[in-house]
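This is the structure I have questions about; it appears just below.
The values are calculated or read from the model by the stated rules, or taken from the named source; none is laboratory data. Nothing here was measured: the structure is a model prediction, and the numbers come from that model. When we count neighbours, we look across all protein chains shown, and the Cβ atoms used for this are built from the backbone with ideal geometry, even at glycine.
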Amino acid sequence: MRRPKKKKSNREHLPASAVLLAGGRGTRFWPRSRMRTPKQLLNITGGETMLRETAARLEPLIPPRDLWVVTNVEQAAAVRW
């Protein structure tokens, strides 16, 4: 008995996006982090900021144009690149 062919899912053709939440107040990593420089904007490992390193890890999967960063007004200028 033949099995019916599987239909391709529409999800296979949908573009993927990533949303990074980066709006902390800098209180948990005190004294190193502050409201203007919370941990996501620090270079803790000695390379880039945590936010940039996360974006770099996603780059093989998600094109930069489909990467969104959600932050607060105090950190918006530092998050733009």
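Going by what's in this entry, would Ala76 be described as out of contact with any Asp or Glu (no Cβ under 9 Å at 6 or more places or on another chain), surrounded by 15 or more Cβ atoms within 10 Å (Cβ to Cβ), at pLDDT 85 or above and among the small types (Gly, Ala, Ser)?
Criteria not met by Ala76.
Restricted to the range 60-73, and to residues that are loosely packed, with under 12 Cβ neighbours inside 10 Å and free of Cβ contacts under 8 Å to residues at least 40 places away in the same chain, which residue is nearest to the chain's Cα centre (by Cα)?
Residue satisfying both the conditions and the ranking: Pro64.
Please count how many residues of the range 30-69 are outside any loop (DSSP other than H, G, I, E, B) and farther than 20 Å from Val19 by Cα.
Going through the range 30-69 one residue at a time, the tally reaches 0.
How about the range 15-65: which of its residues are modelled with pLDDT under 85 and of a type in the set (Lys, Arg)?
Those that are modelled with pLDDT under 85 and of a type in the set (Lys, Arg): Arg25, Arg28, Arg32, Arg34, Arg36, Lys39.
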